[in-house]
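A.B. asks: The structure's right below; bear with me while I get my questions together.
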Amino acid sequence: MAQRTDIHLYTTQTPNGIKISILLEELGLKYQTTAVEITKNTQKINPNGRIPALTDTLEDGQTVKLFESGSIMQYLVDRYDKDHRVSYPYGSREHWEVNNWLFWQMGGLGPMQGFVRCEKRTSLLTKRLGYAPEKIQYGIDRYRNETRRLYGVMETQLQKSRSGYLVGDRCTVADISCWGWVAAAAGSGVNIAEFPALKEWRDKLLARPAVEKGRNVPSPHKALEFDKLSGGEMKKTFESASQWIQASMKEDSK
């Protein structure tokens, strides 16, 4: 039976969003969800106005507001993973190695792949819709190549792993943090077939019931089917993303 909590998750269907819902499912926690329309910038829990964000009630009855996916993951593990289902005891070698990969994803894989997705959307919209003023091939190539290099780092780590996970003998927040990004490889122009150990790891996590359930919060996860989208569906996806990016840039410039 899932453990009752006062957790309320504010999220949407992005790699950063689903890492929190996957972790909540792995920990067997009950939680409320509010689907945030990021195109309208309505999320106010996070002072930066982004998702995911989360609230919970502490032992003293006070509400804690959490933002930044890495911070949320560390909070959930520290407070609710006493049996170390997806973590290791504090101070152990594996504990620090998990931290390495968590921060590696936050500082490297996520930003680089996020940039290439943004540049690729801009390029496609330039070609199909005429929304963006120019195609910046240098940016597309740079971020895609860096994403491919980072995939290679994971490939090397997983080739050495006896368990098939990034650290030690279990699935941890290191794996969960990276999974949504790797699942979105096709949308970033990277062929996952180039990285057989990484592809096997992606599918290994996908077979976990908690990953399957969590990845579809708050809406169906479609990244794995990106290559199968029709022209109309792909156009709608990129059009929505472009409008949000341009609106955010306009708001940030004020």
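The values are calculated or read from the model by the stated rules, or taken from the named source; none is laboratory data. Quantities reported herein were computed from a predicted structural model and do not represent experimental measurements. Ideal geometry is used to build each Cβ from the backbone, glycine not excepted, and the neighbour counts take in all protein chains shown. For the accessible areas, the whole protein counts, side chains as well, though only heavy atoms, and no ligand, DNA or RNA atoms are used. Shrake-Rupley method; radii C 1.70, N 1.55, O 1.52, S 1.80 Å.
A.B. asks: Please list, ordered by chain and number, the residues whose modelled amide H lies under 5 Å from the amide H of T33; skip anything fewer than 5 residues away on the same chain.
C.D. replies: So T33 has HN proximity to L9.
A.B. asks: Greater than 20 Å separation of Cα atoms is the criterion. Which listed pairs, K19/K213; K19/K199; K44/K82, meet it? Show your work: numbers first, answer last.
C.D. replies: Numbers: K19/K213 11 Å; K19/K199 18 Å; K44/K82 30 Å.
Violating the 20 Å limit, Cα to Cα: K44/K82.
A.B. asks: Need one number: convex hull volume per residue for segment 1-97, Cα atoms only, in Å³.
C.D. replies: Hull volume over Cα atoms, normalised by residue count, gives 111 Å³.
A.B. asks: Okay, moving on. I'd like to know which of L66, P89, I51 lies farthest towards the positive end of the charge dipole of segment 1-108, counting +1 on Cβ of Lys and Arg and -1 on Cβ of Asp and Glu.
C.D. replies: I51
A.B. asks: Quick one: Karplus J couplings for segment 195-212, per residue in order, coefficients 6.51, -1.76, 1.60, θ = phi - 60°, nearest Hz, x for Gly and Pro?
C.D. replies: Taking θ as phi minus 60°, the curve returns 10, x, 5, 5, 5, 4, 5, 4, 6, 4, 5, 4, 6, 6, x, 5, 5, 4 Hz for segment 195-212.
A.B. asks: Still on this structure, I have one more. Read phi for every residue in segment 101-112 and hand back ³J(HN,Hα) as whole Hz from Karplus 6.51 cos²θ - 1.76 cosθ + 1.60, θ = phi - 60°, with x for Gly and Pro.
C.D. replies: Result, ordered by residue: 6, 5, 6, 4, 5, 5, x, x, 4, x, x, 5 Hz.
A.B. asks: At 0.36 nm per residue, and after removing the present C-alpha to C-alpha distance, how many nm does the segment from V153 to D6 gain when stretched out fully? Could you put the intermediate results ahead of the total?
C.D. replies: Details: separation 147, 0.36 × 147 = 52.92 nm, distance 3.77 nm.
Going from the current span to full extension adds 49.1 nm.
A.B. asks: Let me see the P(r) profile for segment 16-65: every Cα-Cα distance counted, bins of 5 Å, each bin given as a percent of all pairs.
C.D. replies: Using 5 Å bins, I get a P(r) of 4, 17, 25, 25, 18, 9, 2, 0 for segment 16-65.
A.B. asks: Additional query: At a 10 angstrom cut-off on C-beta neighbours, averaged per residue, how do the peptides 63-75, 12-24 rank from highest to lowest?
C.D. replies: Going by the mean number of other Cβ atoms within 10 Å, highest first, we get 12-24, 63-75.
A.B. asks: Just how large is the dipole of segment 165-230 about the Cα centre, in debye to the nearest 20, putting +1 at every Lys and Arg Cβ and -1 at every Asp and Glu Cβ?
C.D. replies: Working: 9 positive and 8 negative charges, 41 e Å.
Here the size comes out at about 200 debye.
A.B. asks: Ok, one more. What is the distance in Å between the Cα centroid of segment 90-111 and that of segment 141-220?
C.D. replies: Using only Cα atoms, the two centres lie 14 Å from each other.
A.B. asks: For segment 168-226, what % of the accessible area comes from carbon and sulfur atoms, probe 1.4 Å?
C.D. replies: Roughly 54 percent of what the probe reaches on segment 168-226 is carbon or sulfur.
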